1. Looking at the structure I just gave you, is Val93 crowded, with 21+ Cβ neighbours inside 10 Å, free of Cβ contacts under 8 Å to residues at least 60 places away in the same chain and not in a loop (DSSP other than H, G, I, E, B)?
2. Filter region 1-28 for residues that are part of a strand (DSSP E or B) and out of contact with any helix residue (DSSP H, G or I) (no Cβ under 6 Å at 6 or more places or on another chain) and give the result.
3. Hey, Val31 hits all of (1) touching a residue at least 60 places away in the same chain (Cβ under 8 Å); (2) over 14 Å from Leu230 (Cα atoms); (3) outside any strand (DSSP E or B) but one; which does it fall short on?
4. Here are some residues: Gly39, Gly50. Which one is crowded, with 17+ Cβ neighbours inside 10 Å, over 18 Å from Asp228 (Cβ atoms), at pLDDT below 90 and not hydroxyl-bearing (Ser, Thr, Tyr)?
5. Are there any pairs with C-beta distances below 9 angstrom linking a residue in region 173-200 that is at negative phi to a residue that is modelled with pLDDT of 95 or more and among the basic types (Lys, Arg), with the two at least 6 apart or on different chains, and if so which?
6. Would you confirm whether any residue within region 182-191 is within 20 Å of Gly105 (Cβ to Cβ), part of a helix (DSSP H, G or I) and out of contact with any Phe, Trp or Tyr (no Cβ under 7 Å at 6 or more places or on another chain)?
7. Being within 26 Å of Leu166 (Cα to Cα), in contact with a Gly (Cβ under 7 Å, 6 or more places away or on another chain) and surrounded by fewer than 21 Cβ atoms within 10 Å (Cβ to Cβ): is that true of Arg115 here?
8. For region 113-161, name all the residues that are charged (D, E, K, R) and without any contact (Cβ under 8 Å) to a residue 12 or more places away in the chain.
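The values are calculated or read from the model by the stated rules, or taken from the named source; none is laboratory data. Remember, it's a predicted structure, so these values are computed and weren't measured experimentally. Don't worry about glycine lacking a Cβ; one is built from the backbone with ideal geometry, like all the others, and counts go over all protein chains shown.
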Amino acid sequence: MAVHAHPDDESSKGAGTTARYAAEGNRVRVVTLTGGERGDILNPAMDVPGVRDRMSEVRREEMAEAARILGVEHEWLGFVDSGLPEGDPLPPVPEGSFAAIPLDGPVEALVRSIREFRPHVVTTYDENGGYPHPDHIRCHEVTMAAYEAAADPDRYPDAGEPWEVLKVYYNHGFIRKRLLLFQEEYERRGEEFPMADWLKKWKTEQGDLMARVTTQVTCSDYFPQRDDALRAHATQIDPNGSFFAVPLDIQQKVWPTEEFELAKTRVTTSIPESDLFAGVEESGRR
């Protein structure tokens, strides 16, 4: 089960891994906590009449197509997108939005989903949300609380039979080392690196999330599916944007994995891992 804040997050974070596990015959469910209603139109080609005024419906259509491409099941939990507050100081998120409502409601909803689907592994974001969007941070809080509550028969007794998730992982996609290796490959080819300016702006004092990575899943064969799923979110993803700046052949050669951090486990495993299900077979639960 991959728990995400908005439609399109499932295609930009860990999508190659979910596509791989689905293709290998595993049941994979993406749970989207909000409808992405407050997402702006980031692809100029989609900023046309009839899109902005039906954003909720469009985001649902996009999500359905992305799930089909990835080969995964999908569930909406139905909370309202908080938007991305801007300003100094930051304004509060809108009243009634996902990041503003009490934690208990979303936790119960996710517990119900976990108990119904009965996943062995859950993926989500770290305590910083992957990036500091209020819905991403709340997604982390909800997922970690639901991990504990789903296994407790005294919590949310009307939400189904208790179920122990065996492992929880954080997605880690912003890896500085990955960009540096891409840059080296461009230099080897005598070509200009298209993300050089982006890399220069990386604040080295922030460190590299690679230090937190425990698990690298090889999924380069599924990078085309990942990119097609991203493009399915046409209001959010510019096909000429940075997601597609580095050609697939370079990505597949230089960095064929996706990165995760094992945050919680109820099984014994050895770090580093190359499989999110490491230790699950031995537990007799898969």
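1. Details: crowded, with 21+ Cβ neighbours inside 10 Å: yes; free of Cβ contacts under 8 Å to residues at least 60 places away in the same chain: yes; not in a loop (DSSP other than H, G, I, E, B): no.
No.
2. Here is the first cut: in region 1-28, the ones part of a strand (DSSP E or B) are 2-4.
Hits for region 1-28: nothing passes.
3. In the conditions (1) touching a residue at least 60 places away in the same chain (Cβ under 8 Å); (2) over 14 Å from Leu230 (Cα atoms); (3) outside any strand (DSSP E or B), Val31 misses (3) alone.
4. On the way: Gly50 fails: crowded, with 17+ Cβ neighbours inside 10 Å.
Exactly one residue qualifies, and that residue is Gly39.
5. Note: pairs meeting the criteria are Gly173/Lys13; Glu185/Lys253.
6. Narrowing region 182-191 to residues within 20 Å of Gly105 (Cβ to Cβ): none.
Scanning region 182-191 turns up no residue that is within 20 Å of Gly105 (Cβ to Cβ), part of a helix (DSSP H, G or I) and out of contact with any Phe, Trp or Tyr (no Cβ under 7 Å at 6 or more places or on another chain).
7. On the way: within 26 Å of Leu166 (Cα to Cα): yes; in contact with a Gly (Cβ under 7 Å, 6 or more places away or on another chain): yes; surrounded by fewer than 21 Cβ atoms within 10 Å (Cβ to Cβ): yes.
For Arg115, the condition - within 26 Å of Leu166 (Cα to Cα), in contact with a Gly (Cβ under 7 Å, 6 or more places away or on another chain) and surrounded by fewer than 21 Cβ atoms within 10 Å (Cβ to Cβ) - is met.
8. First, pick out the residues of region 113-161 that are charged (D, E, K, R): 115-116, 118, 126-127, 135, 138, 141, 148, 152, 154-155, 158, 161.
Once the filter is applied, which keeps residues that are charged (D, E, K, R) and without any contact (Cβ under 8 Å) to a residue 12 or more places away in the chain, region 113-161 yields Glu148, Asp152, Asp154, Asp158.
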